[in-house]
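Inspection log for the structure reproduced underneath, given as structure tokens.
Just so it is clear, none of the values below were taken in a lab; they were calculated from the coordinates. These numbers come from a predicted model, not from an experiment. FYI the Cβ positions are ideal-geometry reconstructions off the backbone, even for glycines, and counts take in every protein chain you see.
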Amino acid sequence: MSFESFRFHPQINAGIRDLGYHTPTPIQEQVIPHALAGRDVIGIAQTGTGKTAAFVLPILQRLMRGPRGRVRAMIVTPTRELAEQIQGVIEALGKHTGIRSVTLYGGVGYQGQIQRLRRGVEIAVVCPGRLLDHLERGTLTLEHLESLTLDEADQMFDMGFLPDVRRILRLAPVDRQTMLFSATMPDAVRSLAREALRDPLIVQIGRSAPVATVTHAIYPVPEHLKTSLLIELLERTDARSVLIFTRTKHRAQRLGETLARLGYRATALHGNLSQNRRQAALDGFRNGRYQILTATDLAARGIDVAHITHVINYDMPPTAEAYTHRIGRTGRAARSGDALTLVTRSDAAMVRAIERLIGEPLKRETVPGFDYNAATSAHETRFDDTPSRHAAAPRRSEPPTHATPRHRSTPRDQETGARPVHAPRMTGMMRAERPDRREARRRRGYARGE
């Protein structure tokens, strides 16, 4: 099958040809015909399978007919990065159509978004909180909505957005096409699908397991030697483009700074950065300015970079499904990729869960010549979860963040290798980490009254 068989509008076909698309992926092949017919669809597919184009192309085809200058299609997604990624796909595939789109998410000013809406758009790519805010302000209406797509539904559930999504569904016209896409289907997402979709076609592409082009390996290591082993792996590996996952924002920042000091072209991506800095990090990683990107799971959800050669789990993911999401960043478009995971003794249960998910044991590796018995790390990186200079500083009026001074004699935590420290007071920049979620909470009363 080729894309020509879908009989898209010639202007859409021109965008498809520009991107070099020839043969649809399995999820595109199964979803597009039914979406074009106006049927509700549930798509269950792992990261990197081409599901974004599977819903963008039918939306573009629908909008080629009918009025312009009003929001007729909406795509709801959990993060800013994902919104920008989807926006990029819309712009590329719809390049010749004249169809206009806008992204609406928190962490940036309202005025630019309002101006775009006033100029007239046909597609809105939104995060739940900012959408509710625009609805409350009266700067956006759903009365002309014909197509509603919920992307990464499982991630919206994980982030606590499902109550807000339900409010959006209540505000949307009943007579609409609804599509839902998710890598996994927890019970809460299944319940949402039953409420929101009418007789949907369910398309499931394979198991929720990493793609076959990815090679997996785990590297057992004591917690305090993780950074040293990571650097050893980077020195011994032909790693042209590396995405490194950490458990926390501060850990991503600290590790990125450590690698940059050692001469690597490295930067960090996490929620404490402003939108401009996050976009600069993504753009730099995409265009090759940075070889290494350290990131958290949430921030990395929007990374769509085809040339990533290695994914390294500096910290074990919280679930086996999260491992799938992380590893899906490499091995894309039939390219090969490597997934390396640093594991400690406390990670044994998660290793077994991942092995059950992928259906095979993970290969255990050691690095010849590396001193696994060293008492200290040659490249010690402080991971005490205190903000770095790139995070917002405490206000002058705030008391010191540490109740007691730290001393070198303070014993290290046996699991993390870090000295204990009191959590810093929440600063303005930290509070802005999930603006859509915060804004959604403030407006719960508004949605209840509908």
Under 23 Å from LYS226, Cα to Cα: lysines that are on another chain or at least 8 residues apart
LYS249, LYS363
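Quote the relative contact order of the range 1-98 in percent (integer), defining contacts as alpha-carbon pairs under 8 Å separated by 6+ residues.
Working: 79 pairs, mean separation 36.4, N = 98.
After rounding, I find 37 percent.
What does the highest-first list of 267-277, 89-99 look like by mean Cβ count within 10 Å? Before the final figure, lay out each step's value.
Numbers: 267-277: 21.2, 89-99: 18.8.
Result, highest mean first: 267-277, 89-99.
Can you sort ARG356, ARG176 so the residue with the fewest Cβ neighbours within 10 Å comes first?
Values: ARG356 10, ARG176 19.
Ordered from fewest to most neighbouring Cβ atoms within 10 Å, ARG356, ARG176 come out as ARG356, ARG176.
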Positive dipole terminus of the range 60-110, leading residue within HIS96, VAL76, TYR110 (C-beta point charges)
HIS96
Proximal lysines to LYS95, defined as alpha-carbon separation beneath 24 angstrom and excluding residues fewer than eight positions away on the same chain
LYS51
Where GluC sites (Glu not before Pro) fall in DSSP loop in the range 129-187, at most 16 other Cβ within 10 Å:
GLU143
Top positive-direction residue, dipole computed over the range 137-289 with Cβ charges, set THR139, PRO222, LEU162:
PRO222
